Every structure is written in structure tokens, then in C-alpha cells.
Protein chains: 4
Amino acid sequence: MVPVTEHDSQSRSFIEEARRTQIVHAAVETIAEVGYHRASMGRIGTRAGISRGLISYHFAGKAELIAQVVTTVYTDAAAFMAPMIAAETTPAGQLRAYLRSNLEYMRAYPARMIALVEILTGGGLSDLPDTDPAAFDRQMLLPLEQLFTAGQESGEFRDFDVTVMARIVRGVIDAVPTALSRDPGLDIDRYLREITTAVDHATRPVPSTTEEP
Amino acid sequence: MVPVTEHDSQSRSFIEEARRTQIVHAAVETIAEVGYHRASMGRIGTRAGISRGLISYHFAGKAELIAQVVTTVYTDAAAFMAPMIAAETTPAGQLRAYLRSNLEYMRAYPARMIALVEILTGGGLSDLPDTDPAAFDRQMLLPLEQLFTAGQESGEFRDFDVTVMARIVRGVIDAVPTALSRDPGLDIDRYLREITTAVDHATRPVPSTTEEP
Amino acid sequence: MVPVTEHDSQSRSFIEEARRTQIVHAAVETIAEVGYHRASMGRIGTRAGISRGLISYHFAGKAELIAQVVTTVYTDAAAFMAPMIAAETTPAGQLRAYLRSNLEYMRAYPARMIALVEILTGGGLSDLPDTDPAAFDRQMLLPLEQLFTAGQESGEFRDFDVTVMARIVRGVIDAVPTALSRDPGLDIDRYLREITTAVDHATRPVPSTTEEP
Amino acid sequence: MVPVTEHDSQSRSFIEEARRTQIVHAAVETIAEVGYHRASMGRIGTRAGISRGLISYHFAGKAELIAQVVTTVYTDAAAFMAPMIAAETTPAGQLRAYLRSNLEYMRAYPARMIALVEILTGGGLSDLPDTDPAAFDRQMLLPLEQLFTAGQESGEFRDFDVTVMARIVRGVIDAVPTALSRDPGLDIDRYLREITTAVDHATRPVPSTTEEP
DNA sequence: TATGAATGAGCATTCATTCAT
DNA sequence: AATGAATGAATGCTCATTCAT
């Protein structure tokens, strides 16, 4: 869940890595601020304080830069969330930790999460020729699916389609950055509490004395 | 003399209206297919089988065209959903009808819904100078909020923040087009059933003999 | 407005002539208001209250319309000025009448004169393929040249190059519309008085007891 | 007119400056040849032998380029004329030097002067958002007004409205480029002599034994 | 006669990318 | 490693003109 690629961090010099990191961060901030399709190489370079050409020197093209942004933020978010989730011992607890850690990450690094959502929903993925959106989709859903399956087996969750429920939860979470940008006064703690309760109710076993219409 | 057909005074604007509709439809399909920020006037014109200039002839600018797409799809979806919701007599039933009609609309006109979501999440709203994203946000949430408030007063819904719950439901629904495009084999009926059940559980009153962690 | 051309006024119907006149007037007003190179056929048509296509129906192209504007205004101004000049019996008096009648025309029909100057100085002439700017130039200068030659022969004017002096006088007059637009508070009567005096001094015979430096 | 050989530490911006100068010169020549409103970025680029995009790289927009053309030519002309005027000790001599140096500049750099007049009279000024035509107007007239006022105080000039006389002189001078382009065989030396004499007569004190009609 | 739908060329501008230094 | 000059494609838009009705 945590490390994504270790492929060639050795083949790059330290300064090379530092520059790439700097550029990726500038890209994140630029995308978060002006939106994905307005984040040109020039604007990213300006924010990084470097020339346009240097970005092309360190990245094969815009696609690689965007892909790196996605990978970096996703990996970083996963590294942030993983210990909080792992600290829980039950699937239900882990689900709550998943929600909590995800929103905490958004609170801590709003630009990163906004940038990620911008790319994922703003057409950025289709600009990445080597990326399979379906594969990325499955990768996003898999942890939740595994969590749900475990919880169903232990009886903590009711019987539902784990993939659909994973999409439901991702949908709820992915709506948060947009909600935050549209309503800046939104209380993220309250939001988290409401979401957690709602998801809890949606997943927990149905009491035996319940009639469905 | 002038009028040729029996349409008389409307025959003048009939062609105009037809063309506008045709262009809006071409825009919808183009946006749904290639994404909002790749849907140039040229591509839309090509899909409509007309020249670039003709779009500018019928629409003052791209902003007006996109605004028309948003308005058209939104209005059309509302007209599609409204009777299905109104047919229900209870807030809980209306909520289920809201979900069902929304997904039915997506099934019937997937391109329209994909295009709308592309524009709303893909930075399109900020390209519309006269549009207030926050106002649009409230407009989207309002029907759900009213529905929830009514349900809480009637005791059909538990006590939750109606705005947050509205955002939750919208988040779940807005994730559907993406899910459909990423997983074409997705069974929309099953999806709808699962969503309905989940939202039902998330909103209904908590049985008295329940302990919260 | 006086009949301008009689070459084919017979071949055009009355309504045809009326339309052409209306369009020419709309062109004059549009050019005077927004400048020559912003005066599109569309804007001219809008001001005339007719469709774009109708202008093309009545004029072979924009060039013919502009040429007609030039011809109309020039002829109209000449018809306005001619009797005032003819009423004077001496070349010096006619020169003063030339200046006075020209500025009176500007005061009476500022839009026409502004439009004419816009076209002549704003590159409009070079848009007219069939027009020889040099010939137009000579046509503009000829009356003044004849006037000066007559005055020199009668001893009312000193000995100067009549063509250059004609250009001088035209230069002074053609600067008036720009001056009026740049300084709206300009007193045209005072302007006329100063110009008349200056031109009078510049053209009259030098007193015998005059030393040149 | 700009110092050229100083590169060294300025060598970084030297290329930049050289390109800007080259582009400005290409713009001057293009405007002088085809007129202001036909001088597109493409044509200017073609004349400069560079791509369209490079102009946008060096100038923020067409407005900045045109403004630079105006500033460059105006400053250049002023630098050319100033020493010739300053060499004269009397207002009347300075006025003659003003005329002479201005026409000498036109003879030396006809394209520049034609371009400037094209922009000023061809609607170019109104395309420059930050420019106040009235202020530019006053700036053009001021030196002449000051010169006239000094001459009136010293008794070298008669009593006339200095602003109107400044407009008269500018009108006479501004008519020269058009005259040159319409009549290529025009003898500029003779033109200058005639103009100088005419302006001299128009401004000098009236001999006491003069009768006005 | 008159309309307005429709076209295609041209415009200024932005952008990702390449390349010599 | 890094710069910034340079290109060419693409975009939204305006416009003169044509044409069916």
C-alpha cells in the first residue's frame, strides 16, 4: 500500500531528485490554485522559480510530470493514512480510520488533494497515454474492498456489494475537496463526524427486527 | 410574401432553435467523449457537421455554449426526475425516487450526465464568467436538503446535518458517471439497489436499542 | 444630399437608391463612431436596422460601399461649399470662404467629415482596389491650386508653390476633425478665425519693406 | 539611434533587446507598407523572418508592440530633432529648426514617420488600452506652444492662439508623409522651404502699415 | 427585395516542446 | 544542469461574403 515505485531512484542523482520533487510540488500548488487545464508548464515553472525548459529537461513531457504528481500524492496520502488504519484492529475501526485519515490528509495538505482530484476528475488522466484509468480505478477501490470483505466475514458489516460500497465511500470522500472550495466555511470536523456516522450506518449489520419496504 | 409555412411567426426562430439544440447536443457528446477541456469549438463543429464559424454565429462565445449545455442538461434532468419524485408521498420514498430517477437518467442519457459532471468538476464552471459556483452548489443541494428536513420532521429520517447528507448523496451520485466510464460492464440496476439500500440505512432512524462506539 | 452620380441612377429603382443612401449614411455614422477598421458590415447593418446580407445585395462588396461613402461625402461637401466660395469675387475672399465653408461643413455634419478623414488616413483608400490615391490627391488639391494661381496672377497672393500651399491648407483643415475629437471643448469659431488669419498671412504678398533672416 | 556596442554584462538581455528592436523595426516597415490595420502579427513576423509565436514571446501582446513602436519612433524623432532645435537661439529660429529637423527625419526614416502617422491617425491609439489620446495630443503640442509663447514674449511672433497655431503646424507636418506617399516625386527640400516660409509669414509680427480686409 | 444561415479565411494568443549555449 | 530563445500547432473569435428561401 505504501511504496509504489522504487524503479530508478538510484539512477537519478540527488540534485536530480531534488529538482523533480521541487517541480512536482510546484505543479501540485499550481494545479490546486488555477485548476488542471490552466496549469501550464510555464506557470508551473514560474511558481518553481525555474525556467520552462528545465521542466522538459527533468520530465519527458507534461504527461510524465502529471503522472508523477498523481503517483507522488497518491503514495504520500497512502503513507499518511496507512499507520492510522493499521492501528485499528477491526474492519469497522479501520473504515472509520480510513475516512478520518483521508479527511485529515485533506486538511493537512489541501493543495495536494485538490490537485489530485483536479487531475482525476478534470480530464487529466486521459492526458496520460500510458495510464489505464480502469487499472487506476481498481487500485483506488481495492483497499476498501478488502476491508469490506474482511468485515463481512467477521460479521461487522452487513451483506453488500463490496465494490459498489467502495465506490460509494470514494464518491463521498472525493466530493469533499469540491465542497471545501465551494463552501470555505465548512467545518471539516463536523463533516467528518457526519460522514463517519452515515457510512457506519450504511455498512453495519441490520438489526434483526427491521422491516424493509 | 414572407411566411411560407404554417408555423408563421415561429418559423423564423425554428431553424435557429434547431441549430442551437443540435450544437448543444454535439457539445454534450464531444465533452462526454473527449473531456471538457479538449472539447474545442472546432471538434464540436466537426461532430455537428458544421463549420466552426457557425457556432460563433449561434452562440456569443464558448461560455454561452457551455452555459447552455449546463442549463439544458440540468433542466432536462430535473424535468425527467421531477414526476418520479412527486409520485412518492413520503420523504423516504422521494429520496429513493431521487436516486432511482437520477440513475435512470444517467442510463438513458449517459453522455449528458457525463458532460455535466465533466463541466462541473473539470473547471468548466470557472470559465463561465457570470456563474457563481457557490450559488450553483446551493441550487444542487437545496432539493435534497428540503427533502431531508421534511423527513426529519416526520420522523422518517434520523437526526443528521441535512447539508452534509445532501453533499454525501450528491457525492455518491456524481461518482456514478466516472464509475460507468471506468467500468463499462457495471450493472446499473445492481448499483442503484446497493446505493438505495446504503442511503436508506444512512438516513433512517436508529433503532432504540443501538449503541454507538 | 443632392444627386451624386447620374451614371446609373436611371438603372436603379427609387427604393434601390433609398436603400443605398440609407446604408451609406449608416456606414458614415458607424465609421465616425467606432473608427474605420472597426466598422464591420455587421455593425453598419445593425445601425441601419437591416441585415448583413442586404448590404452585400446593394453593394458589390465592402470596397464599393466605402468608395460610395467617400464619393458621397466628398460630393456633398463640395456642393455645400461651392456656393459660399462662388459668392466671393476675389481669390483671397474665396480662400477665406473655402476655409470657412469647410469648417462650417464639419460643424454641420461632423460625422461625415470624421468618417471621410477616418477612411482617407486610416488606410481605407488602400482597401479600394480601383481607386488611385494619387488621382484622388490631385482632385483634392486642384480647386485650391486654381484658386492660388488666380490670386497670384491678380497680385492678391505672393509668389509660392501653389501645390505645396494647397497641401499646407489641406493639412491644416484635415487636422481639424482629429483636433475636435481629441479636444471636445475646442471653440470652432475661434479655430476658424485663427486659421483664416494664419493662412491669410501665409499667402498674402510680402510688404516691400520686409527683411528675411 | 540606440547605442549598440556595449554588450558584455548585458549580453544576456542583448539578444532579447536585439530581437525586440528587430521586431519593432519589422512592425514599422510593415505598418508603413500595408497600413496599420493590415499589419498583423503574422505579416510582421514574416517580414522579420521569424515565427508568429516569437513576437508573443517578446511582447505581451500586440498592444505592447504597437506602444513600443510609438514610443520608439517618437523618442527617436525627438532625439534627432532636439539638438537641431537647441542649436538655435531665437524662437523663430527654433521654429524653423523644428520644421526642418522634422522633415529631415521624415526624409531619413520615412517608414518610421509613416508608421507613426498610420498609428496615430489610423485608430491605433484607441487599440492601446493604457494610452490617453488627449494626453498624447497635449504632449505633441506642448513644445510648439512653449516655443510660440516665448516668441510672443520676445516680440518675434505676433499675437495668436498658441494652441491653435501648434495644431496648424502639426497639421502641416503630419500631412507630409501622406503627401510623400501619394506623390513620390515630391521635392522635399522645396517642400520644406515653402512650408518654412509659409509658417514664418503666419507667425511673424504684422507690419504696422497693414490693412486687414 | 430582403433575410439570416452558413462558410472559410484571418486574427491574436497560449502552449508544449526543442535546441543551442 | 540550466537557460531562454524559438517554433508550430491549436484555440476562440471576427469578419466579408455567398446562398437558399
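The values are calculated or read from the model by the stated rules, or taken from the named source; none is laboratory data. As the structure is a prediction and not an experimental result, all values here were calculated from the model. Reconstructed Cβ throughout: ideal geometry from the backbone, glycine too, with neighbour counts over all protein chains shown. Areas reflect the complete protein model, heavy atoms only, side chains present, ligands, DNA and RNA absent. Shrake-Rupley method; radii C 1.70, N 1.55, O 1.52, S 1.80 Å.
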Checklist entry - Looking at B:ALA78, B:ALA115, B:ALA111, which is the one that is farther than 27 Å from A:VAL34 by Cα and outside any loop (DSSP other than H, G, I, E, B)? => result B:ALA78
Checklist entry - Can you name every residue in the range D:90-120 that is open to solvent by 30 Å² or more (accessible area, probe 1.4 Å), modelled with pLDDT of 95 or more and within 10 Å of chain C (Cβ to nearest Cβ)? => result D:THR90, D:ARG96
Next on the checklist: The conditions are (1) modelled with pLDDT under 95; (2) more than 14 Å from every other protein chain (Cβ to nearest Cβ); (3) in a helix (DSSP H, G or I), and A:MET84 fails exactly one of them. Which is it?
Outcome noted: (1)
Checklist entry - Which of the following residues is more than 16 Å from DNA strand E (Cβ to nearest atom) and open to solvent by less than 50 Å² (accessible area, probe 1.4 Å): D:ALA27, D:ALA78, D:ALA87? => result D:ALA78
Checklist entry - Which one of these does B:THR21 not meet: (1) buried (at least 17 other Cβ atoms within 10 Å of the Cβ); (2) away from DNA strand F (no atom under 13 Å from the Cβ); (3) of a type outside the set (A, V, I, L, M, F, W, C)? => result (1)
Item to check | Scan of the range C:27-63 for residues that are assigned to a loop (DSSP other than H, G, I, E, B), more than 10 Å from DNA strand F (Cβ to nearest atom) and either under 25 Å from D:THR121 (Cα atoms) or within 14 Å of chain D (Cβ to nearest Cβ) (or both), ordered by number | outcome: C:GLY35
Checklist entry - Give me the pairs: first residue in the range B:7-26 and of a type in the set (Gly, Ala, Ser), second residue modelled with pLDDT under 85 and open to solvent by 70 Å² or more (accessible area, probe 1.4 Å), beta-carbon distance under 9 Å, and six or more apart or on different chains, which are they? => result B:SER9/B:PRO3; B:SER11/B:PRO3; B:SER11/B:VAL4
Checklist entry - Can you name every residue in the range D:30-73 that is small (Gly, Ala, Ser) and surrounded by 20 or more Cβ atoms within 10 Å (Cβ to Cβ)? => result D:ALA32, D:GLY35, D:ALA39, D:GLY45, D:ALA67
